[in-house]
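First up is the structure itself, then whatever we jot down about it.
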Amino acid sequence: MFFLIHKPFYAAEDFFRDLQEEFRNWESSAASQGKPKSLWEELAEIGEEFVEFLEKELNITDAESKANNNWEGPGKGNPFNSSSTGRTDSGMQNEAEKGSSIEENIDDIEATLARLKKELGL
């Protein structure tokens, strides 16, 4: 034996009434939240989260990053300043070593991203 359950028909009128109510709720919540973030602010937050994620996955601490980026002190200086780069044979060799370590870091990052894509099914 079958029992027939009567469900009310969800008409277009009901849909638009619900849509209007949702829009009013959205407007009131948007007004209470203040000024929305700009695209650049949103991208900056996403970038910060991504950097934090990479630091966590690659086990990079703030002390290590500050030590690697410390341009102050005798004989150091800004690496982007061409007069302070000191391009000697040993300097070129150090740059080649840094280049290989950067390539290794890039390989590690790409491997981590590939692993995450695989885990997420992308």
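Every read-out reported here was derived from the displayed coordinates using simple, explicitly stated rules and does not represent laboratory data. Just so it is clear, the structure is predicted and the values come from calculations on it, not from any experiment.
Relative to the current alpha-carbon distance between Ser28 and Thr61, full extension at 0.36 nm per residue lengthens the span by 7.6 nm. With θ taken as phi - 60° and the Karplus curve 6.51 cos²θ - 1.76 cosθ + 1.60 applied, the whole-hertz 3J(HN,Hα) list for segment 8-14 is x, 6, 8, 7, 4, 4, 5 Hz, x standing for glycine and proline.
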